Amino acid sequence: MIITVDTGGTKTLVASFDEEKNPKHIIKFPTPKNVDQYIQRVADQIHLITNDKPIDAISVALPGVVKDGV
């Protein structure tokens, strides 16, 4: 199972994909402004969609400025 997290300034998407890269779950919610609430919400959603099944990979996209390739 592959998990993706796409976070923007207003919304966050958490999705899961099977081994054939077919989407299985997509959850959308407003991005919390508090970092602790954000981390907890993302973790809760990942636990919900994986149902404690093994995760092969996680991809996370976050907004921000890239400086010198970092």
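Please treat every number below as a calculation from the coordinates, not as lab data. All of these numbers come straight from a predicted model, not from anything done at the bench. Reconstructed Cβ throughout: ideal geometry from the backbone, glycine too, with neighbour counts over all protein chains shown.
By the rule of a C-alpha distance below 16 Å, with chain neighbours fewer than 8 residues away ignored, the aspartates and glutamates paired with K21 are D56. In this Cβ point-charge picture (+1 for Lys and Arg, -1 for Asp and Glu), the chain has a dipole of about 320 debye about its Cα centre.
Starting from the Cα gyration tensor of the stretch 2-61, take the square roots of the eigenvalues, sort them a ≥ b ≥ c, and report rounded, prolate or oblate (rounded when a/c is under 1.5, otherwise prolate if a/b is larger than b/c, else oblate). It is prolate, given that a/c is not under 1.5 and a/b is the larger ratio. Taking 20 Å as the straight-line reach from the Cα of K24, the lysines in range (excluding those fewer than 8 positions away in the same chain) are K11, K53. Segment K24..L62, full-extension length gain: 11.5 nm, with 0.36 nm per residue of separation and the alpha-carbon distance subtracted.
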